[in-house]
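Visitor: Here it is, the structure, as structure tokens.
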Amino acid sequence: MSELVVLGIETSCDDTAAAVVVGDEVRSSVIAGQLEIHDRFGGVVPELASRAHVDAIVATVRVALERAGLDPTRPGLDLVAATSGPGLIGSLLVGLSFAKAASAAWGVPYVGVNHLEAHLFAPTLEGAAEHYPRVVLLVSGGHTELVAVRGRGEYDVLGATIDDAAGEAFDKVARYLGLGYPGGPAIDALAASGDPTAFRFPRALRDRPFEFSFSGLKTSVVRTVEKYPDASTADLCASFQRAVTDVLVDKTMAAVDAISARSVALAGGVAANRELRERLTARCAEEGIDCALASPAFCTDNAAMVAAAGAYQFLRDGASHRDLAPDPSRQLLRATSHLE
Ligand code: KG4
Ligand code: ZN
């Protein structure tokens, strides 16, 4: 187990985040969100996001170092790790450039980390036992993937969405229902007081075990509201969320069967969803396998997961090149060829 003192930096979308992780211990994790900047636009505005990262990055890093008990002028780090993709190019540039500058100024190495791989590390951040092989359902605003994980940093993508990501479906439906951005937490909260059987929304691609499709679901919600304009928003949310979680849970458990997994984990922003967490926990209990759920704060974008993934990457492959460029469309690649 590495005992490296790592500063993680995450700026792939609309959160400026910094964290200090030592070995497996999160010493600090600070997130400066931009909700009030993007809220009135109903989604993230890339140019505003990168400017806000520029404004927030220095203070966010300073607070993360101070909360970890380090001196911000001479923090004594072993490594700086920043997200290099996927994400918004202008946002990625801010964090990665900061990491390069900090590494030069402090004389420590840096690594550019795959944001999606970092999400896979979230379930390892709180000291829970790790049982492999593990199926990780990675569900965020931009991605929905089922990943077979054989050990830290060793994985294969089993399948992904063929259109919208699960989080995107939450955000689009929430926007349509006038619930603001991001939609996931709003739908999650309202669904608690609604009837999940009030409306029957489609469960797509039942015949393709590891692939997902959510684009038809939003259309179906729109059609339903057109037909029943007085429908309760809570019932719509609960029924929509039931359709999404049905598909996510069933396909995850199919993946468990396929690879004889010993544990299941959730990662990505949608992993904060209460119904998804409860239902997956229940199914895993029925199957007698471990269900590793990171705290919601480590499921959504954060820099602790970037630090953890960065430490692993550095120990295996060394530092990244000075001229590493951000890669907005970086993928979660198969097997062992996924690092710089
Ligand atoms: O991983 P994340 O913070 O950012 C990236 O996309 O990388 O995920 C954000 C997504 C958004 O689509 C948001 O609506 C969704 O995660 N989300 C949720 C919940 N909290 C966040 N979706 C459903 N239920 C939630 N409680
Ligand atoms: Zn993310």
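Visitor: Of these, VAL249, VAL270, VAL264, which one is open to solvent by less than 10 Å² (accessible area, probe 1.4 Å) and part of a helix (DSSP H, G or I)?
Guide: VAL249
Visitor: Sticking with this one: Between GLY142, GLY183, which is within 16 Å of ligand 2 (Cβ to nearest atom) and free of Cβ contacts under 8 Å to residues at least 24 places away in the same chain?
Guide: GLY183
Here's the yes/no breakdown for (1) within 24 Å of ALA192 (Cα to Cα); (2) without any contact (Cβ under 8 Å) to a residue 60 or more places away in the chain:
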{"position": "ALA255", "(1), (2)": "no, no"}
{"position": "GLU278", "(1), (2)": "yes, yes"}
{"position": "THR281", "(1), (2)": "yes, yes"}
{"position": "GLY288", "(1), (2)": "no, yes"}
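Visitor: Now for a separate question. ALA231: in a loop (DSSP other than H, G, I, E, B), outside the structural domain of ASN114 (by TED's automatic domain parsing) and open to solvent by less than 50 Å² (accessible area, probe 1.4 Å), yes or no?
Guide: yes
Visitor: Out of curiosity, is ASP24 touching a helix residue (DSSP H, G or I) at 6+ places or on another chain (Cβ under 8 Å) and acidic (Asp, Glu)? Reasoning before the result, please.
Guide: Working: touching a helix residue (DSSP H, G or I) at 6+ places or on another chain (Cβ under 8 Å): yes; acidic (Asp, Glu): yes.
Criteria met by ASP24.
Visitor: What pairs come out if I take residues in segment 20-47 that are open to solvent by 80 Å² or more (accessible area, probe 1.4 Å) and pair them with residues that are in a strand (DSSP E or B) whose C-beta lies under 8 Å away, six or more apart or interchain?
Guide: Filtered contacts from segment 20-47: ARG27/ALA19; ARG27/VAL20; ARG27/VAL21.
Visitor: Out of segment 289-313, which residues are within 11 Å of ligand 1 (Cβ to nearest atom), modelled with pLDDT of 95 or more and part of a helix (DSSP H, G or I)?
Guide: MET305
Visitor: Follow-up. Sort out for me the strands (runs of 3 or more DSSP E) sitting completely within segment 117-220 that have 1 or more residues that are more than 16 Å from ligand 1 (Cβ to nearest atom) and surrounded by fewer than 19 Cβ atoms within 10 Å (Cβ to Cβ).
Guide: Result: 144-151, 154-160.
Visitor: Out of everything in segment 259-288 that is over 16 Å from the mean Cα position of the chain (by Cα) and β-branched (Val, Ile, Thr), what residue ends up being farthest from ligand 1 (Cβ to nearest atom)? Full working, then the answer.
Guide: Step one: filter segment 259-288 for residues over 16 Å from the mean Cα position of the chain (by Cα), giving 259-263, 275, 278-288.
Next, from what is left, pick out any that are β-branched (Val, Ile, Thr): 259, 281.
Numbers: ILE259: 24, THR281: 15 Å.
So the residue we want is ILE259.
Visitor: If you don't mind, another one. Do the conditions hold for ARG62, that is, is it in a helix (DSSP H, G or I) and among the basic types (Lys, Arg)?
Guide: On the way: in a helix (DSSP H, G or I): yes; among the basic types (Lys, Arg): yes.
It is true that ARG62 is in a helix (DSSP H, G or I) and among the basic types (Lys, Arg).
Visitor: In segment 26-47, what residues are at pLDDT below 95 and over 24 Å from ALA186 (Cα atoms)?
Guide: Residue satisfying the conditions is GLU47 alone.
Visitor: With segment 1-41 as the region, which strands (runs of 3 or more DSSP E) entirely inside it contain at least 2 residues that are aliphatic (A, V, I, L, M) and in contact with a Phe, Trp or Tyr (Cβ under 9 Å, 6 or more places away or on another chain)?
Guide: Counting at least 2 such residues, we get 5-10.
The values are calculated or read from the model by the stated rules, or taken from the named source; none is laboratory data. As the structure is a prediction and not an experimental result, all values here were calculated from the model. Note that each Cβ is placed from the backbone with ideal geometry, even for glycine, and that neighbours are counted across all protein chains shown. Surface areas here come from the heavy atoms of the whole protein model, side chains and all, with no ligands, DNA or RNA. Shrake-Rupley method; radii C 1.70, N 1.55, O 1.52, S 1.80 Å.
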